[in-house]
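The values are calculated or read from the model by the stated rules, or taken from the named source; none is laboratory data. Since this is a predicted model, take the numbers as computed values, not measurements. Positions of Cβ are generated from backbone atoms using ideal geometry, with glycine treated the same way; all protein chains shown enter the neighbour counts. Surface accessibility is based on the protein's heavy atoms, side chains included, excluding ligands, DNA and RNA. Shrake-Rupley method; radii C 1.70, N 1.55, O 1.52, S 1.80 Å.
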Protein chains: 2
Amino acid sequence: MPDPNWQKPSCLIPLSRSEQKRLAIIEAARKIFLDKGFDGASMDVIAETANVSKRTVYNHYASKEALFGDVMLGMCQAKMDAMLLTLSPSDDMAEALTEFGSNFVNQILEPEGKALLRILVAHVDRFPELGQAFFDNGAKEVIATVAEYLRIQTQAGLITVDDPQDAAGSFLTSLHGEFFFRVLVTVAPPPEPAQVQKMVAAAVQRFLHGVLVRPV
Amino acid sequence: MPDPNWQKPSCLIPLSRSEQKRLAIIEAARKIFLDKGFDGASMDVIAETANVSKRTVYNHYASKEALFGDVMLGMCQAKMDAMLLTLSPSDDMAEALTEFGSNFVNQILEPEGKALLRILVAHVDRFPELGQAFFDNGAKEVIATVAEYLRIQTQAGLITVDDPQDAAGSFLTSLHGEFFFRVLVTVAPPPEPAQVQKMVAAAVQRFLHGVLVRPV
DNA sequence: TATGTAAACTGCACTGAGTAGTTTACATTT
DNA sequence: AAATGTAAACTACTCAGTGCAGTTTACATA
């Protein structure tokens with residue numbers, strides 16, 4: 001079992017017992033919710049997994065909903081941070097976009113990313129703020145980063161993009177192709193990073209070059 | 001209330017009373033499951049909505065799972081049929097791809113399509129065969145249709161596509177851009193058909209023309 | 001070093017609500 | 001007459017959240 005002191009803000013000042021318990025609860029809840037969803041997870045199991053009494057769980061969180069919200073927001077935050085790389089206009093375009101895109105696709109398709117997406121999708125109706133937060137603070141920023149990059153490169157005369165926002169969204173989704181859907185809707189395992197790399201590179205090439213021999 | 005006779009195979013031969021009840025149950029279950037998901041739906045409410053006693057529901061379906069499976073497979077089938085148009089290699093490429101793509105995107109983002117997707121995603125773990133069936137008999141065929149089209153047009157020398165399968169998947173996802181994700185993960189309403197049309201047309205243009213002024 | 005205190009934790013029984021599926025006794029349809 | 005449907009009560013179970021009596025921990029003071 002990893003030392004809880006190595007978890008959150010400071011690992012120099014030892015955490016209070018109460019804070020240790022809270023982290024254990026969050027960690028257990030994270031596992032159980034990811035695995036079973038909101039309805040499938042029981043507060044008894046979460047408490048047991050956290051090695052904590054059920055009463056303690058309710059001392060820290062007023063309700064199952066509150067615990068779920070806290071846990072999910074934390075996971076969304078972590079995923080957002082991991083998804084966003086910077087794009088340097090000075091680097092080689094194909095290379096820069098491929099690196100950015102591979103990371104993006106891997107972050108989405110990697111098992112825990114997939115599980116997080118599933119939970120979000122499954123619970124939009126009951127927890128609208130979660131999906132909204134993930135989109136507003138995560139996906140939106142990723143798209144904006146790419147859009148800004150496309151705008152700059154268009155201004156530099158390297159490419160021609162009319163609507164950078166629209167093109168960025170289209171480009172990003174073209175990177176994962178059918179896999180996003182397949183992984184979300186079936187039990188198929190996510191593709192290997194090597195395959196992702198290849199798929200993204202191909203999509204970047206198509207985006208940059210086009211496929212038509214003689215443009216109409 | 002619509003006449004159940006107008007629903008399924010034949011509306012000439014009147015359906016047996018038993019069959020009428022079965023259709024009423026399916027129709028009610030469809031509504032409730034789409035709205036509340038598997039766990040949120042109760043068999044009592046479904047029976048009540050179908051104007052049928054709970055015992056009758058259990059006379060037709062052995063369990064809640066069985067009813068859910070039947071209802072969902074039916075909806076998947078209908079959605080698959082609606083998603084798949086033909087692609088004539090002789091038509092203008094941009095026009096053909098735009099028409100095909102608009103229909104595809106609209107079918108996915110339209111409210112009931114969205115709800116169906118959400119349910120599938122939310123229940124993959126408990127009903128793996130559903131998502132698998134939807135992918136194998138639906139998405140896969142759509143991709144294959146586009147891939148075959150790209151192969152033919154490449155052979156005709158109109159375009160250059162190395163891996164038609166991969167390109168088809170990438171092309172199809174580039175059509176909906178961020179919207180697929182946004183609609184799935186937030187409560188945002190689906191875009192208007194006009195907006196879809198515009199977005200798809202732009203993506204088709206990019207796919208066909210590319211964006212690079214001077215190819216590297 | 002010993003002791004007091006407040007806050008937090010434990011364990012467990014309990015309430016109350018919801019629900020899948022069954023049973024029974026009777027009615028309707030074909 | 002046989003099959004099918006109805007209504008309502010009933011079983012058996014899960015699970016969120018509470019109450020409570022007693023214990024542990026951190027920390028301050030003596």
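What number of residues within the stretch B:165-203 satisfy the criterion of being within 10 Å of chain A (Cβ to nearest Cβ) and either basic (K, R) or touching a residue at least 24 places away in the same chain (Cβ under 8 Å) (or both)?
The qualifying residues number 17.
I'd like to check something: does the stretch B:22-30 contain any residue that is more than 23 Å from B:E141 (Cβ to Cβ), near DNA strand C (Cβ under 10 Å from one of its atoms), buried (at least 20 other Cβ atoms within 10 Å of the Cβ) and more than 14 Å from chain A (Cβ to nearest Cβ)?
no
What's the number of the condition A:G157 fails, among (1) at the interface with another protein chain (Cβ under 7 Å from one of its Cβ atoms); (2) in a helix (DSSP H, G or I)?
If we test A:G157 against (1) at the interface with another protein chain (Cβ under 7 Å from one of its Cβ atoms); (2) in a helix (DSSP H, G or I), just (2) comes out false.
When you look at A:T145, is it at pLDDT 95 or above, assigned to a helix (DSSP H, G or I) and more than 9 Å from chain B (Cβ to nearest Cβ), yes or no?
yes
Among what's in the stretch A:1-56 and is among the acidic types (D, E) and modelled with pLDDT under 90, pick the residue that is nearest to A:M72 (Cα to Cα).
A:E19
Of the conditions (1) touching a helix residue (DSSP H, G or I) at 6+ places or on another chain (Cβ under 7 Å); (2) outside any loop (DSSP other than H, G, I, E, B); (3) more than 14 Å from every other protein chain (Cβ to nearest Cβ), B:L85 fails just one. Which one is it?
Condition (2) is where B:L85 drops out.
As an exercise: evaluate B:L150 against (1) within 9 Å of chain A (Cβ to nearest Cβ); (2) closer than 25 Å to B:E110 by Cα; (3) touching a residue at least 12 places away in the same chain (Cβ under 8 Å) and give the number of the one condition it does not meet.
Among (1) within 9 Å of chain A (Cβ to nearest Cβ); (2) closer than 25 Å to B:E110 by Cα; (3) touching a residue at least 12 places away in the same chain (Cβ under 8 Å), the lone unmet condition for B:L150 is (2).
How about the stretch B:115-135: which of its residues are crowded, with 19+ Cβ neighbours inside 10 Å, at the interface with chain A (Cβ under 10 Å from one of its Cβ atoms) and assigned to a helix (DSSP H, G or I)?
Result: B:L117, B:R118, B:I119, B:L120, B:V121, B:A122, B:H123, B:L130, B:G131, B:A133, B:F134, B:F135.
Taking the conditions exactly as written (on the phi > 0 side of the Ramachandran plot and surrounded by fewer than 19 Cβ atoms within 10 Å (Cβ to Cβ)), does A:N59 satisfy them or not?
no
Rundown of residues vs (1) away from DNA strand C (no atom under 11 Å from the Cβ); (2) open to solvent by 40 Å² or more (accessible area, probe 1.4 Å); (3) under 24 Å from B:A133 (Cβ atoms), yes/no style:
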| residue | (1), (2), (3) |
| --- | --- |
| B:D35 | yes, yes, yes |
| B:A41 | no, no, yes |
| B:A50 | yes, no, no |
| B:E65 | no, yes, yes |
| B:D70 | yes, yes, yes |
| B:Q77 | yes, yes, yes |
| B:L87 | yes, no, yes |
| B:E99 | yes, yes, no |
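Between a residue in the stretch A:43-55 that is over 13 Å from A:K31 (Cβ atoms) and any residue that is at pLDDT below 95, which pairs come within a Cβ distance under 8 Å, given they are 6 or more apart or on different chains?
That search, which allows pairs on different chains as well, returns A:V52/A:K21.
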